[in-house]
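Colleague: Handing you this structure, nothing more for now.
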Amino acid sequence: MWLFGVVNASPDSLHEASIVLGPDDAAELARELVALGADGIDLGGQGSTDIATVVDWEVEWARLEPIIPALASIGVPMSVDTWKPEVARRALSAGATVLNAADGMQTDAMWEVAADHEVPIVVPFLSGPDPRSMALVGPDPVKTILEFFDARLRDADRYGLRHRCILDPGTGFAPPNWPWEQRYLYQKEVYTRLDELRQFDRPLYVALPWRRTEQRDELLEIVVRAQPEYGRVHHPDRVRDIERRLGLS
């Protein structure tokens, strides 16, 4: 699996060790992630969790602008994780090489940004306009995800961008205050059915669990066994260890 290690320029990430305070801090963390098995870096400047404060795009961009050149100098691919087209356009112009579109590519403005830059596009499933407005999905979550991707890929066809799309089932996001047990069952169903998402003949991308609990470790192994092409990780060494144990490396 090709892994993006996470660097957060937002101050309210739940994974505190991923938060960086400036370009030197970001470069140090990025090098550590690559040494542990990451192939690239995913950089974000806006948290998407319940505790995150949503900021204007100018504030988000101010967090990212000094960091992007530092990460670009490391020489590995770098995605920008944002749902704001103003940030995406500036980040791609400044050196980001992948668009991790946290809006699910649901607006023409984001497709226009993608059309102006010849980069891969991570398209996550969302059940709302942005990650913080996710709603419960049911009774068949995979059917809902497939319908979403079908619509987004038809949007991509209008811009001639289907070939650049990478599909993310959006399991890194969740409705506000969704109890863990419910989220666990939801993720387990989606992960055990990842092959159904391959009907579009596009690569898959999964935001991998990082907390260490028995259930989360189970979910991580299910995903690694399914072998999506891409993963977003805080601890790439854990994924590499599982791959070696399963004979997948």
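Colleague: Hey, got a sec? Which GluC sites (Glu not before Pro) in region 59-118 land in a DSSP loop and have at most 14 other Cβ atoms within 10 Å?
Modeller: Loop-located and lightly packed - GLU118.
Colleague: Let me check against my output: what whole-number percent is the relative contact order of the chain, with C-alpha pairs under 8 Å and at least 6 apart?
Modeller: The normalised contact order for the chain reaches 19 percent.
Colleague: How would region 51-132 be classified by its alpha-carbon gyration tensor: rounded, prolate or oblate, with rounded meaning a/c under 1.5 and the a/b versus b/c comparison settling the rest?
Modeller: Since a/c reaches 1.5 but b/c is at least a/b, the shape of region 51-132 is classed as oblate.
Colleague: Does region 81-188 come out rounded, prolate or oblate, given a ≥ b ≥ c as the square roots of the eigenvalues of its C-alpha gyration tensor, rounded meaning a/c under 1.5 and, failing that, prolate meaning a/b above b/c?
Modeller: It is prolate, given that a/c is not under 1.5 and a/b is the larger ratio.
Colleague: Quick query: amide H of PHE125 versus all other amide H atoms, modeled in the peptide plane; which residues come in under 5 Å with a sequence gap of 5 or more or a different chain?
Modeller: ASP168, GLY170
Colleague: Using modelled amide H (1.01 Å from N, peptide plane; none on Pro or chain starts), what sits under 5 Å from the amide H of ILE41, excluding residues fewer than 5 places away?
Modeller: The answer is GLY5, MET78, SER79.
Colleague: Using only the Cα atoms of region 125-243, build the gyration tensor, take square roots of its eigenvalues as a ≥ b ≥ c, and label the shape rounded, prolate or oblate: rounded if a/c is under 1.5, else prolate if a/b is larger than b/c, else oblate.
Modeller: Judged from the Cα gyration tensor, region 125-243 comes out oblate (a/c at least 1.5, b/c at or above a/b).
Colleague: With 10 angstrom as the radius, rank ILE41, ILE145 by how many other C-beta atoms surround their C-beta, starting from the fewest.
Modeller: ILE145, ILE41
Colleague: Hey, what do the phi angles of region 201-213 turn into as Karplus ³J(HN,Hα) couplings, whole Hz, using 6.51/-1.76/1.60 and θ = phi - 60°, x for Gly and Pro?
Modeller: With the stated coefficients, region 201-213 comes to 6, 10, x, 10, 9, 10, 7, 7, x, 10, 5, 9, 9 Hz.
Throughout, read-outs are computed from the coordinates displayed, never taken from laboratory work. Keep in mind it's a predicted model, so treat the numbers as computed, not measured. Glycine gets a Cβ as well: all are built from the backbone with ideal geometry, and neighbour counts include every protein chain shown.
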